[in-house]
Amino acid sequence: MDPVVIGLTFLAIFVVELPDKTFLATLVLATKYRPILVWIGVGLAFLVQTLVAVLLGHAVSFLPEEVVQAAAGVMFLVGAVILIREGRGHQEAAASDEEIETRPVHGWRAVLASFLVLFAAEWGDLSQLLTISLVAKYEEPVAVFIGALSALLIVSGLAVVAGRQLQRFVKLHVLHYVGAGVCLVLAAITAYELLT
């Protein structure tokens, strides 16, 4: 298990997920339910989604290396474009609050509601696609799993504990641009490795 892959995965997923809709959804859920219950439900959803992404990425790694490298590079470029567009959108217009309709519930129902909201929101999400790409690129499924899940749990913890405060100090469009920069660096590294 390569600690560099863990760190790289953590950084990539962290900066991509921080300005994401799942961060905002977690923040909103934490205003409606007990924060610890939200974090448990969200954490379970991230656990399942990360496991699925790692398994898909591992399956992709059986393809020829050039195909995997090219696909990973394209995914990183697509991620950068998506983040730049979202960042521009947040920069041009004030971010509108996303309302999540929930009923007042407690205990395991709050955990289940949080799990279901985030589980549905994460399908096809950029962080899931990056996780698949990172596993396929580095062929280190355990390292990518640890890095990705750690980043997702920390981001959701930030959303639960200090989300509103964090948004006062760091603008969402800045986070989008940083995430796009990370994706561009990963795309450049992938292109270099593919051409050499």
Within the set of pairs 6 or more residues apart or between chains, which connect a residue that is in contact (Cβ under 8 Å) with a residue 60 or more places away in the chain and open to solvent by less than 10 Å² (accessible area, probe 1.4 Å) inside the range 130-151 to a residue that is not hydrophobic (A, V, I, L, M, F, W, C) and not in a helix (DSSP H, G or I) with Cβ atoms less than 6 Å apart? Ala136/Ser61; Ala143/Asp2
Going through (1) modelled with pLDDT of 75 or more; (2) open to solvent by 50 Å² or more (accessible area, probe 1.4 Å) one by one, Ser127 fails only at (2)
Could you check, for the range 100-109, whether at least one of its residues is modelled with pLDDT under 70, open to solvent by less than 60 Å² (accessible area, probe 1.4 Å) and over 30 Å from Val54 (Cα atoms)? yes
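The values are calculated or read from the model by the stated rules, or taken from the named source; none is laboratory data. These numbers come from a predicted model, not from an experiment. Every residue, glycine as well, gets a Cβ built from its backbone with ideal geometry; the counts of neighbours run over all protein chains shown. Accessible surface areas use protein heavy atoms only, side chains included; no ligands, DNA or RNA. Shrake-Rupley method; radii C 1.70, N 1.55, O 1.52, S 1.80 Å.
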